[in-house]
Every structure is written in C-alpha cells, then in structure tokens.
Amino acid sequence: MKPIAVVVLNWNGKALLETFLPSVVQHSDEAQVYLVDNASTDDSVPFVKATFPSIKIIQNAGNYGFAQGYNEALQQLEEPIYALINSDIEVTENWLHPILSHFESHPQTAIAQPKLLDYKNKSYF
C-alpha cells in the first residue's frame, strides 16, 4: 500500500480531466490516485479507464456534491493520508514530498493546506 491517496472528485468533468489529470499521474508516484465520480453522464469514467489504467475509480450512486461525494469515497480507502484535490488542479514535480515529510515528522498533524497558485497567472494565489 502506498502512504498517500490522491483523491480527485469529478462530475461531468472530462475536459478538466484531460487537461489536469496527466500532471497528477505523472507527479504522484508516492500515491495511489483515485477518481471519485459523482454519477457523471459524460465520458469521464470511460476516458479515465482507457487513458489512466493505474487510477482506481470509485463511482458514487448519485451526484452527492463536494462534501458527501468525498465522504462516501474516503470510507473505502486504506491509505493513511489523503490528498483531496479538485479536477482543475495542476500539480508539479515533488508536490507530495513536503506533505509526506511533514506528516511523518509531525504525527499529530490532522490536516494541511498547500499553497495554491492561479493556473493562468502562477504569481497569484
């Protein structure tokens, strides 16, 4: 088992997955990547199955929105740390290293928030 689960919530977001999921897969070797699908009616799930076979897919029975969508899926995971990211997040090389290091050296930590930069203007938060 990998030490961290990267969990991407999706609802009819195939276009976003095409744009942003490649960076998540490429830069998340330390993690098991999951797609949590909130009952999409587009081709999101078939696209991910065909393009990214290493991603585990959890299909929710309905569109449960953000909080319940994640909560339904997290009950099924075994990894000790979760990184919850939106489907419009581009990650960079080694993005998980400081997270894993912090959680290992500070076991009392329950949650962390990384710095998020604007996709179109990376000098803006």
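No value in this document is a laboratory result; all are computed from the given coordinates. Predicted model only: the values in this text are computed from it and were never measured. Here the Cβ positions follow ideal geometry from the backbone for every residue, glycine too, while neighbour counts run over all protein chains shown.
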Checklist outcome for this item: Per the list (1) out of contact with any helix residue (DSSP H, G or I) (no Cβ under 7 Å at 6 or more places or on another chain); (2) part of a strand (DSSP E or B), residue check on LEU35 breaks on (1)
Item to check | Candidates TYR70, TYR82, filtered to the one that is in a helix (DSSP H, G or I), closer than 14 Å to VAL6 by Cβ and in contact with a strand residue (DSSP E or B) (Cβ under 9 Å, 6 or more places away or on another chain) | outcome: TYR70
Checklist entry - So, of the residues in region 14-32 that are assigned to a helix (DSSP H, G or I) and surrounded by fewer than 16 Cβ atoms within 10 Å (Cβ to Cβ), which turns out to be farthest from the chain's Cα centre (by Cα)? => result ALA15
Next on the checklist: Residue pairs, Cβ under 6 Å, 6 or more apart or interchain, first in region 105-119 and closer than 16 Å to PRO3 by Cβ, second not basic (Lys, Arg) and not in a loop (DSSP other than H, G, I, E, B). List them.
Outcome noted: THR109/PHE103
Checklist entry - Can you find even one residue in region 91-99 that is in a strand (DSSP E or B) and farther than 22 Å from LYS14 by Cα? => result no
Checklist entry - Give me the pairs: first residue in region 1-18 and under 16 Å from ALA39 (Cβ atoms) and touching a residue at least 40 places away in the same chain (Cβ under 8 Å), second residue buried (at least 20 other Cβ atoms within 10 Å of the Cβ) and charged (D, E, K, R), beta-carbon distance under 8 Å, and six or more apart or on different chains, which are they? => result ASN10/ASP37; TRP11/ASP37
Checklist outcome for this item: Filtering region 90-113 for residues that are in contact with a Phe, Trp or Tyr (Cβ under 9 Å, 6 or more places away or on another chain), under 15 Å from VAL24 (Cα atoms) and not charged (D, E, K, R) leaves a count of 1
Checklist entry - If you check PHE103 against the conditions, is it in contact with a Ser or Thr (Cβ under 6 Å, 6 or more places away or on another chain) and either crowded, with 17+ Cβ neighbours inside 10 Å or assigned to a helix (DSSP H, G or I) (or both)? => result yes
Checklist entry - Given the residues ASN94, ASN121, ASN63, which is the only one that is polar (S, T, N, Q), loosely packed, with under 12 Cβ neighbours inside 10 Å and more than 16 Å from the chain's Cα centre (by Cα)? => result ASN121
